[in-house]
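To keep things clear, I will list the structure first and then write my remarks on it.
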Amino acid sequence: MITREKKQAVVTDLQKHKTDTGSAAVQVGIETESIKELTEHLKVNKHDFAARRGLLQMVGKRRRLLKYVAERNSGAYLDLIKKLGIRR
């Protein structure tokens, strides 16, 4: 689980304006942090298959959100993946 502080840090880093908490870029950032934490969990707990399934669902959701961002604004998409360190 992502902590409230980490989530707030991601939101403040990626928000477009002061009250932006749900734009696609912010959602991608939150999913990325959750994926990182779950990946670390799975390195220790190799047989946690329920968590592995959840990880695959998160990756799929992030991929769909990134596709949406890329269709709307390719420049914003490139900036977002560079800022988050996602290779695509």
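The values are calculated or read from the model by the stated rules, or taken from the named source; none is laboratory data. Here the structure is a predicted model, which is why all the values come from computation and not from measurement. A quick note on method: Cβ atoms are made from the backbone with ideal geometry, for glycine too, and the neighbour counts reach across all protein chains shown.
Observations
- Checking residue 3 against (1) more than 11 Å from the chain's Cα centre (by Cα); (2) surrounded by 14 or more Cβ atoms within 10 Å (Cβ to Cβ), the condition it does not meet: (2)
- Qualifying residues in the range 40-58 (those that are closer than 20 Å to residue 88 by Cα and surrounded by 14 or more Cβ atoms within 10 Å (Cβ to Cβ)) - the one nearest to the chain's Cα centre (by Cα): 58
- Flag for residue 66 being part of a helix (DSSP H, G or I), among the aliphatic types (A, V, I, L, M) and surrounded by 15 or more Cβ atoms within 10 Å (Cβ to Cβ): yes
- Figure legend. Inter-residue proximity from the range 2-13: first residues closer than 16 Å to residue 35 by Cα, second residues modelled with pLDDT of 95 or more and among the polar types (S, T, N, Q), beta-carbon distance below 7 Å, spacing 6+ or different chains. Indicated pairs: 2/34.
- Selection of the range 69-84 for residues being of a type in the set (Ser, Thr, Tyr) and surrounded by 11 or more Cβ atoms within 10 Å (Cβ to Cβ) yields only 77.
- Considering the range 6-39, the residues that are surrounded by fewer than 15 Cβ atoms within 10 Å (Cβ to Cβ) and touching a helix residue (DSSP H, G or I) at 6+ places or on another chain (Cβ under 8 Å) include one that is modelled with the highest pLDDT, namely 39.
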